[in-house]
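Comments concern the structure below.
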Amino acid sequence: MLSQQGAFMPPFHRVTLFLFFTVLCACRAGTSPNCPKDMRALPGRGIEGVSTFCQTADGKRAQWIEFYDKSAAKRQSCAYADGLPEGSFTSWHATGRPWVQGIYVHGKKARQWKQWDEAGNLVAEGEYRDGRLISGAPVGGIASCESAMK
């Protein structure tokens with residue numbers, strides 16, 4: 001025998017639950033396991049199996065991730081703010097080891113950039129200011145962050 005309390009759901013509660021799950025599903029749309037937690041994938045910006053373009057809800061920050069030959073292995077990743085590369089850049093060897101790491105400030109290479117070989121040995125370091133190499137070796141020729149936003 002069913003108890004009187006909680007046996008049946010009043011219509012108000014059914015509507016509330018329906019709306020809750022509808023909003024929950026809508027919020028999950030566009031999410032990608034490759035995007036940072038506070039971002040969602042933008043349809044039409046990435047290439048299926050090749051790259052993903054993620055963006056915050058306010059559109060101010062973004063992340064572009066490129067993959068090796070339609071695999072889950074990341075090739076490179078760039079952070080953006082207000083449409084310019086801003087923040088970390090990382091590229092990886094096909095083995096998953098870091099290849100190049102650096103920082104962008106206002107769309108230009110800045111600070112220390114480093115490059116490693118496939119065995120993990122540091123092979124080059126360069127110091128950048130306002131996009132120009134000021135000391136060390138040129139690093140980061142693989143970076144295609146500037147063209148990814150176009």
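Restricting to the stretch 138-150, count the residues that are farther than 18 Å from residue 63 by Cβ and surrounded by fewer than 17 Cβ atoms within 10 Å (Cβ to Cβ).
Here is the first cut: in the stretch 138-150, the ones farther than 18 Å from residue 63 by Cβ are 138-139, 141.
Of the ones still in play, those that are also surrounded by fewer than 17 Cβ atoms within 10 Å (Cβ to Cβ) are 138, 141.
Adding up the residues that qualify gives 2.
Within the stretch 124-137, can you find the residues that are among the hydrophobic types (A, V, I, L, M, F, W, C), more than 21 Å from residue 84 (Cα to Cα) and surrounded by 14 or more Cβ atoms within 10 Å (Cβ to Cβ)? Scanning the stretch 124-137 gives a single hit, 124.
Among the residues of the stretch 77-96, those that are under 18 Å from residue 141 (Cβ atoms) and surrounded by fewer than 18 Cβ atoms within 10 Å (Cβ to Cβ) comprise 88, 90, 93, 94.
Can you find a residue in the stretch 101-110 that is of a type outside the set (S, T, N, Q), free of Cβ contacts under 8 Å to residues at least 40 places away in the same chain and in contact with a helix residue (DSSP H, G or I) (Cβ under 8 Å, 6 or more places away or on another chain)? Walk me through it before giving the result.
Here is the first cut: in the stretch 101-110, the residues of a type outside the set (S, T, N, Q) are 102-110.
Pick out the ones that are also free of Cβ contacts under 8 Å to residues at least 40 places away in the same chain and you get 103, 105-110.
Imposing the further condition that a residue be in contact with a helix residue (DSSP H, G or I) (Cβ under 8 Å, 6 or more places away or on another chain) reduces the set to 107.
Within the stretch 101-110, one or more residues are of a type outside the set (S, T, N, Q), free of Cβ contacts under 8 Å to residues at least 40 places away in the same chain and in contact with a helix residue (DSSP H, G or I) (Cβ under 8 Å, 6 or more places away or on another chain).
Evaluating residue 88 against the criteria (1) within 24 Å of residue 102 (Cβ to Cβ); (2) of a type outside the set (Phe, Trp, Tyr); (3) modelled with pLDDT under 90 leaves one unmet condition, (3). Every test in (1) modelled with pLDDT under 95; (2) out of contact with any Gly (no Cβ under 9 Å at 6 or more places or on another chain) is passed by residue 121 save one, and that test is (1). Screening residue 87 against (1) within 21 Å of residue 117 (Cβ to Cβ); (2) in contact with a strand residue (DSSP E or B) (Cβ under 6 Å, 6 or more places away or on another chain) leaves a single unmet condition, (1). Can you tell me which residues in the stretch 77-122 are under 16 Å from the mean Cα position of the chain (by Cα) and outside any strand (DSSP E or B)? Hits for the stretch 77-122 are 82, 83.
Among the residues of the stretch 46-76 satisfying the criterion of being part of a strand (DSSP E or B) and of a type in the set (S, T, N, Q), which is surrounded by the most Cβ atoms within 10 Å (Cβ to Cβ)? Please lay out each step first, then the result.
To start, the set of residues in the stretch 46-76 that are part of a strand (DSSP E or B) comprises 51-55, 61-67, 74-76.
When the remaining residues are screened for being of a type in the set (S, T, N, Q), the result is 51-52, 55, 63, 76.
Details: 51: 17, 52: 23, 55: 20, 63: 21, 76: 21.
Among them, the one singled out is 52.
Just so you know, in the stretch 97-123 the residues that are among the basic types (Lys, Arg) and within 27 Å of residue 82 (Cα to Cα) include one that is surrounded by the fewest Cβ atoms within 10 Å (Cβ to Cβ), and it is 111.
The values are calculated or read from the model by the stated rules, or taken from the named source; none is laboratory data. None of these values were measured; they are calculated from a predicted model. Every residue, glycine as well, gets a Cβ built from its backbone with ideal geometry; the counts of neighbours run over all protein chains shown.
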